[in-house]
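The values are calculated or read from the model by the stated rules, or taken from the named source; none is laboratory data. These numbers come from a predicted model, not from an experiment. Positions of Cβ are backbone-derived with ideal geometry, glycine not excepted, and every protein chain shown enters the neighbour counts. Remember, those area values only see protein heavy atoms, side chains included, never the ligands or the DNA or RNA. Shrake-Rupley method; radii C 1.70, N 1.55, O 1.52, S 1.80 Å.
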Amino acid sequence: MRSSFRTIVVSTLTLILSSTLASAAEVRVLSVGSTQIAAKAIEKTFDAVILSVPAMESHDAAGDLAPMSRVALARVGVAVVVKEGGFVPDISTPEKLKATVLAARSLIYTDPATPNTSGAITGAALAKLGILDEIKGKTRHAALTVGGELVAKGEVELGFFNLSEIPKGVTVAGALPGPLQGYTVYEAAVLSKGSTDQAATAFVKYLASAPAAAHWEAAKLEPATTYMPTRAGR
C-alpha cells in the first residue's frame, strides 16, 4: 500500500480500536504493501500486519505469521480519472474504454511490473483490449503522487489508479468495466513474533467482521464480507 492507503488504514484502525478494544492491551499494527519493506519492518516487534495477498503469502511461507491467523479484509479495483472540471468520458463498457484510450493524447499508471497493483491490473486490461503496443508511445508509468499531479495539471489526459487512492484535482470517470477489472486484495494476520495477548487475535478477527465493513467501505474498499474471499475460511 502506498502512503495514502496506509493513512486510510491507520484512521480506520484508530476508529475500530477506540470503539471496540479500548480496554484491551495495545495492538501494534504494521500496514505496508511492499514485501521488501514489510520484511525489514517485521524484524521489529509488531503484533499484527495488513498486507496484499502476495506479500502475505511470502511471510506465511517464511513462518512470520501465527498459524491460521490470516483473514481476508478487503479488495480494491482500478478507476480511470481525468482532470477535475474537464471532459468526463464514458468508459462503461470495454468498447467505450478502448475508444477513449485510443483517442486520448496521453495516459499514466504505476509500474505494471509490480504484481498485485493498479499498474499491473491496468496493463492487463489494456492487453485484453489488444491495444497495449499501439498506445505504448503515449503511455507513462509513475508513482501515484507524480501521476495524480500530472493528470490534475492536465499534462496527462487519463490516469488509472486504485479507487481507494484517488488523488486531489481529478475526477473519476468510472471503474474499469467488469470484464477488465482486477483487484488488489488485502489480508490481516497476527505475527508470530508479536504479542501473545488475545487482543491481537481479537483485533485481526474484528477487522474482517461485518461490523467493521463500514470502515472499509468509507475508505473506498470493498469489504471481504460482501464478496467471496480469496481465502475463505481463514
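On each of the three principal axes of the Cα atoms of the stretch 155-220, give max minus min coordinate, whole Å, ordered largest first.
51, 24, 23
Quantify, in whole percent, the carbon and sulfur part of the accessible surface of the stretch 45-167 (1.4 Å probe; protein heavy atoms only).
56 percent
Run through every distinct alpha carbon pair of the stretch 51-101 and return the Kirkwood hydrodynamic radius in angstroms, one decimal place.
Result for the stretch 51-101 stands at 14.7 Å.
Can you give me the long-range amide H partners of Leu73? Hydrogens built in the peptide plane at 1.01 Å from N, cutoff under 5 Å, separation of 5 or more residues or another chain.
Result for Leu73 returns Tyr186, Glu187, Ala188.
Exactly which trypsin sites (Lys or Arg not before Pro) in the stretch 58-119 are in a DSSP loop and have at most 13 other Cβ atoms within 10 Å?
In loop regions of the stretch 58-119 (DSSP not H, G, I, E or B), the sparsely surrounded trypsin sites (Lys or Arg not before Pro) are Arg105.
Separation of the stretch 170-205 and the stretch 85-120 by C-alpha centroid, Å?
24 Å
State the percent of C-alpha pairs, over all pairs in the stretch 81-203, separated by a distance greater than 18 angstrom.
54 percent
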